[in-house]
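Values quoted throughout were computed directly from the atomic coordinates according to the rules given, and no laboratory measurement underlies them. Values in this document were obtained by computation on a predicted structure and should not be read as measured data. Don't worry about glycine lacking a Cβ; one is built from the backbone with ideal geometry, like all the others, and counts go over all protein chains shown.
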Amino acid sequence: MTTKLSKLYGMDILTDSGRFIGKAEDFVLDMESGEVSRILLEQLPPGKVEARKAMLQKSILHKNVKSVEDVIVVSRPSPPAGAEG
């Protein structure tokens, strides 16, 4: 599947069971493959510690994306222990 990233910004993200997770606010690209590796639910903060926290708690691995049409549908595994909070 190929699409422009600009089309994806602000799209709603839902689980495959219909639960709203958030909106696509930023993306992480794998510079070697040129592919999206993560979708972030907030813009990536500038600080290293804050960026790492956002990557762990406020992002979805691209491999969990099931479809992209009018919304982004993902199957999201349970967050790591202690990540909700």
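Estimated from helices alone, the mean residue ellipticity of the chain at 222 nm is -4000 deg cm²/dmol (sum of -39500 (n - 2.57) over DSSP H runs with n ≥ 4, per residue). Please name which of TYR9, MET55, VAL71 has its Cα lying farthest along the dipole of the chain towards the positive end, using unit charges on Cβ (Lys, Arg +1; Asp, Glu -1) and the Cα centre as origin. It is MET55, whose Cα lies furthest towards the positive end. Note on the chain: with charges restricted to the Cβ of Lys and Arg (+1) and Asp and Glu (-1), its dipole about the Cα centre is near 160 debye. Quick check on the chain: take the gyration tensor over C-alpha atoms, sort the square-rooted eigenvalues as a ≥ b ≥ c, and tell me if it's rounded (a/c under 1.5), prolate or oblate. Oblate is the answer for the chain, as a/c is 1.5 or above yet b/c matches or exceeds a/b. The relative contact order of the chain, computed from alpha carbon pairs under 8 Å that lie at least 6 residues apart in sequence, is 25 percent.
The modelled label-to-label distance between LYS4 and ILE21, using points 7 Å beyond Cα along the C-beta direction, is 2.5 nm.
Taking GluC sites (Glu not before Pro) in DSSP loop states with no more than 16 other Cβ atoms inside 10 Å as exposed sites, the chain has its longest site-free stretch at 1-31.
Exposed loop sites, defined as trypsin sites (Lys or Arg not before Pro) outside DSSP H, G, I, E and B with at most 10 other Cβ atoms within 10 Å, are absent from the longest region of the chain, namely 20-85. Taking the DSSP bridge list for the chain and keeping only pairs wholly inside it, about 80 percent are antiparallel.
Of all lysines in the structure, those lying under 19 Å Cα to Cα from LYS66, and not within fewer than 8 positions of it along the same chain, are LYS4, LYS7, LYS23, LYS58.
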